[in-house]
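The values are calculated or read from the model by the stated rules, or taken from the named source; none is laboratory data. A quick note: this is a predicted structure, and the numbers were derived from the prediction, not measured. In this analysis, Cβ positions are derived from the backbone assuming ideal geometry, glycine residues included, and neighbour counts consider all displayed protein chains.
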Amino acid sequence: MAKTVVYPLGKKSKKRIKAKETTMLYNTKKILSVNYDRICNCAATHINCMSAKEWLKSQIGVWQFFYGSKDIRDKNLHPATFPISLAKKIIELFTHQGELVIDPFVGSGTSLVAAQDLNRNAAGFDLQKKYIELCNSRLSNDNFFNKSQQIAVKDDARNIYKYFEPETASLIWTSPPYANLLNRKRKNKSRRDRNNEQFGKVEQYSQDERDFGTMSLDEYTKAMGDVYESLLPILKPKAHCVINVPDMWWENKRITIHVSLIEELRKRGYELRNVIIWDRTNIVNRIGIFGWPSNYITMGVTFEYLLDFWRPPQI
């Protein structure tokens with residue numbers, strides 16, 4: 001298990017955390033001491049280290065992924081995990097080795113694990129101590145040839161802007177809470193038939209009033225806008241910001257979270273570049289029949305949106 005360190009970092013500090021260590025930081029206003037410069041030999045105009053063949057594969061607008069041995073799928077540990085391979089794809093596409101990735105809602109730490117595997121520096125933030133501890137437990141001590149840092153920070157996403165200098169992040173990437181849409185009992189037939197303890201359960205991150213997962217869609221959208229507006233100056237010009245969200249059904253209405261976030265982030269200064277579909281059909285087990293035979297409903301669990309924004313160069 002990785003060593004947990006309370007590490008008061010200052011703006012001018014030259015001390016660095018050893019590769020074997022991860023860090024838990026508690027509410028602090030000091031600048032986080034983490035590297036953000038690329039260490040590869042790519043041309044200055046390249047946005048990543050990909051080959052032309054890898055680039056071509058990434059241009060397909062529908063992506064599929066598989067779970068691996070290092071993935072967490074136990075909803076008792078975290079209600080909404082995603083494959084490490086998804087995080088790796090995003091990080092590889094929009095960063096170089098050595099550059100900085102920020103995850104504002106780090107949860108179980110999948111983004112940090114992916115960044116460690118890819119030799120990227122990364123910082124992830126979460127309100128819940130149990131998730132910060134889970135992040136630290138997942139980070140390996142065996143990456144002796146990896147000089148990057150992955151830091152788990154216990155703090156509110158609204159405070160992230162205090163931890164970084166302007167124009168230091170090459171990517172902001174997260175799968176955030178989905179407003180209060182997880183704050184309801186699961187009663188669909190497929191969960192009852194699976195007999196996996198999910199039926200009738202509220203699969204929410206927490207009931208902390210600061211948690212974005214407790215907010216109505218309107219409150220959530222504004223709060224997300226506030227967070228991402230504060231993060232915009234931290235991004236390098238033309239650096240990307242990718243948000244993974246689904247749409248959901250609520251009381252027989254389609255709740256278009258992805259539309260709300262696109263409109264909100266555009267108002268806050270971001271430019272939408274791409275919308276990618278994450279096709280989840282190969283990792284979803286036993287989908288129940290919904291709406292048949294009188295009410296057609298597409299299965300929200302079978303796909304999600306990857307919203308790709310960037311910081312416009314003129315800002």
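Restrict the check to the range 31-46 and report whether at least one residue is surrounded by fewer than 18 Cβ atoms within 10 Å (Cβ to Cβ), assigned to a loop (DSSP other than H, G, I, E, B) and at pLDDT below 90.
Yes, that holds for at least one residue.
Is it the case, given these coordinates, that residue 136 is on the phi > 0 side of the Ramachandran plot and polar (S, T, N, Q)? So that I can check it myself, show each step before the final result.
Working: on the phi > 0 side of the Ramachandran plot: no; polar (S, T, N, Q): yes.
Taking the combined requirement at face value, the residue does not satisfy it.
If the Cβ limit is 7 Å and pairs must be 6+ apart or interchain, which residue in the range 260-276 that is without any contact (Cβ under 8 Å) to a residue 12 or more places away in the chain pairs with which residue that is outside any helix (DSSP H, G or I) and not polar (S, T, N, Q)?
Matching pairs, first to second residue: 266/272.
May I ask you to list the residues in the range 147-194 that are at pLDDT below 70, surrounded by fewer than 20 Cβ atoms within 10 Å (Cβ to Cβ), of a type outside the set (D, E, K, R) and part of a helix (DSSP H, G or I)?
Of the residues in the range 147-194, the ones at pLDDT below 70 are 179-194.
Narrowing the set further to residues that are surrounded by fewer than 20 Cβ atoms within 10 Å (Cβ to Cβ) leaves 180, 182-194.
From what's left, of a type outside the set (D, E, K, R): 180, 182-183, 188, 190.
180, 182, 190 - these are the residues of the range 147-194 that are at pLDDT below 70, surrounded by fewer than 20 Cβ atoms within 10 Å (Cβ to Cβ), of a type outside the set (D, E, K, R) and part of a helix (DSSP H, G or I).
Being touching a residue at least 12 places away in the same chain (Cβ under 8 Å) and of a type in the set (D, E, K, R) is the filter here; which residues of the range 88-142 pass it?
Once the filter is applied, which keeps residues that are touching a residue at least 12 places away in the same chain (Cβ under 8 Å) and of a type in the set (D, E, K, R), the range 88-142 yields 88, 89, 92, 99, 103, 117, 120, 126, 129, 133, 138.
I'd like the full set of residues that are among the polar types (S, T, N, Q) and in contact with a Phe, Trp or Tyr (Cβ under 6 Å, 6 or more places away or on another chain), limited to the range 123-177.
Across the range 123-177, the qualifying residues are 168, 174, 175.
Here's a check for you: in the range 104-122, which residue that is within 21 Å of residue 76 (Cβ to Cβ) and of a type in the set (S, T, N, Q) is surrounded by the most Cβ atoms within 10 Å (Cβ to Cβ)?
111
Scanning the range 209-234 for residues that are among the acidic types (Asp, Glu) and part of a helix (DSSP H, G or I), which turns out nearest to residue 275 (Cα to Cα)?
Only one residue fits best here, namely 229.
Residue by residue, here is whether (1) charged (D, E, K, R); (2) within 26 Å of residue 273 (Cα to Cα); (3) buried (at least 19 other Cβ atoms within 10 Å of the Cβ) holds:
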site: 53; (1), (2), (3): yes, yes, no
site: 65; (1), (2), (3): no, yes, yes
site: 88; (1), (2), (3): yes, yes, yes
site: 94; (1), (2), (3): no, yes, yes
site: 102; (1), (2), (3): no, yes, yes
site: 124; (1), (2), (3): no, yes, yes
site: 129; (1), (2), (3): yes, no, no
site: 141; (1), (2), (3): no, no, no
site: 145; (1), (2), (3): no, no, no
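Of all residues in the range 98-129, which are more than 12 Å from the chain's Cα centre (by Cα), more than 22 Å from residue 65 (Cβ to Cβ) and not aliphatic (A, V, I, L, M)? Steps first, please.
Filtering the range 98-129 for residues more than 12 Å from the chain's Cα centre (by Cα) gives 98-100, 116-121, 127-129.
Filter again for more than 22 Å from residue 65 (Cβ to Cβ), leaving 98-100, 121, 127-129.
Listed by number, the residues that qualify are 98, 99, 121, 128, 129.
Of (1) within 29 Å of residue 226 (Cβ to Cβ); (2) in contact with a Pro (Cβ under 7 Å, 6 or more places away or on another chain); (3) outside any strand (DSSP E or B), residue 71 satisfies all except one. Which?
(1) is the only condition that residue 71 fails.
Considering only residues of the range 81-115 that are outside any loop (DSSP other than H, G, I, E, B) and hydroxyl-bearing (Ser, Thr, Tyr), which is farthest from residue 228 (Cα to Cα)?
Applying the first criterion (outside any loop (DSSP other than H, G, I, E, B)) to the range 81-115 yields 84-94, 100-103, 110-115.
Next, only the ones that are hydroxyl-bearing (Ser, Thr, Tyr) stay: 85, 110-111.
On the way: 85: 25, 110: 20, 111: 18 Å.
The residue in question is 85.
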